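Notes for the one structure printed next.
What follows is calculated from the coordinates using simple rules that are stated; it is not laboratory data. Everything numeric in this text was worked out from a predicted model, so none of it was measured. Cβ: placed from backbone, ideal geometry, glycine included. Neighbour counts: every protein chain shown.
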Amino acid sequence: MSHTEHVAYYFVMVSLSISFIALGSVLYYLCKKKPVQSEETLPVKLCARAYTLTDIDAATDGFNHRRIVGQGRLGTVYAAILEEQLVAVKRIHPRLVLSNAGFGFSMVIKALSLAQHPHIVSIIGFSEAPGERIIVTEFVGMVSLDFYLHQNPDGISLLDWSNRLRIAAGAARGLEYLHEGMAPNIVHGCIKASNILIDVKFCARVCDYGLSFLAPQEKKGLIGYVDDEYWSGRVGGACKESDVYGFGVLLLELLSGRGSEEGLLVKWALPLIKAMRFGEVFDPRLVFSDVKPLVRMAKVASACVGNSRKSRPSISQVATILNNLEMELSL
């Protein structure tokens, strides 16, 4: 090798060494940088913890009736203190426990507890014993949308159009996460106003998701919130499409201020929306400067409840529209 070739070879090797050192420094710097935190970044979630029935009994003062904060089709909810933390304890109705005695309760609850999103209520624990099934969730001082809309005369004054749209968009994002963000996907099974909790900042939180296995044949609390196909033995039952139907009913309740009335709301509102008689649908207590966003939401509701399962929009499509309406309102 000539002197010139030696010099060239040496020059190339030095250049490569410098390049590798520089690349290594850049990679080291990037690895040490903290990732950008989005508003929806959440800590890693561990699966639900198993509690003994003795733990739950002590936390609820022996299931003291004074600790009851809610009752529904699946069970009774108690405010409790577990490990110095305020939690909600759902005690499943005994008749449902007996009918599901051989089902893998703990396995299902552990799987559901992996779900974590700003617009859902997280499951943090469970307990099972002969004749008892308990689900422990976070408790953040929330009341249901049903309470605001239909039970508390003063609550309705807090639900102006801005808050109703915010609740609708937040609930849609929560349901979208369950349908598309979890693997395997989670079907809620009973989307309705009493299963949408509202915190002090009027942030919607979806609760009681994935629990339809506890009451597969229970009609109480479902009629009016699921489609006709739900009751079909061949292709029926809970699915994403039935959730979308229930979400459409929820939108109609927000728009009209009326309850589902076991399906009468849909039968009343759908013909009015199709006839473009929107003014007759909207809650007369609503004050708004622009009717277009309400009309858009009414059309979305109509698409959710007025079509067969195959023709309904997905919750992702619904969430996109509601998110855009929310963004436009904030401009």
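Below are the figures for this structure:
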| quantity | calculated |
| --- | --- |
| Residues satisfying the stated conditions in segment 310-324, i.e. crowded, with 18+ Cβ neighbours inside 10 Å and of a type in the set (D, E, K, R) | Arg312 |
| Matching residues, segment 136-169, being touching a helix residue (DSSP H, G or I) at 6+ places or on another chain (Cβ under 9 Å) and farther than 27 Å from Gly248 by Cβ | Val136 |
| Residue check, Asn185 of a type in the set (S, T, N, Q) and buried (at least 22 other Cβ atoms within 10 Å of the Cβ) | no |
| Residue that is surrounded by the most Cβ atoms within 10 Å (Cβ to Cβ), among those in segment 93-125 that are under 18 Å from Gln71 (Cα atoms) and within 20 Å of the chain's Cα centre (by Cα) | Ile123 |
| Among (1) buried (at least 23 other Cβ atoms within 10 Å of the Cβ); (2) part of a loop (DSSP other than H, G, I, E, B); (3) among the small types (Gly, Ala, Ser), the one test that Ser242 misses | (2) |
| Qualifying positions in segment 266-283 - crowded, with 19+ Cβ neighbours inside 10 Å and not in a loop (DSSP other than H, G, I, E, B) | Val266, Ala269, Ile273 |
| Top-ranked residue of segment 157-177 - restricted to ones that are touching a strand residue (DSSP E or B) at 6+ places or on another chain (Cβ under 7 Å) and in contact (Cβ under 8 Å) with a residue 60 or more places away in the chain, ranked as nearest to Phe213 (Cα to Cα) | Leu175 |
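Condition check ((1) of a type in the set (A, V, I, L, M); (2) closer than 22 Å to Val69 by Cβ; (3) under 12 Å from the mean Cα position of the chain (by Cα); (4) surrounded by fewer than 21 Cβ atoms within 10 Å (Cβ to Cβ)) across all residues:
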site	(1), (2), (3), (4)
Val143	yes, yes, no, yes
Leu149	yes, yes, no, no
Gly170	no, yes, yes, no
Lys192	no, yes, yes, no
Phe202	no, yes, no, yes
Val206	yes, yes, yes, no
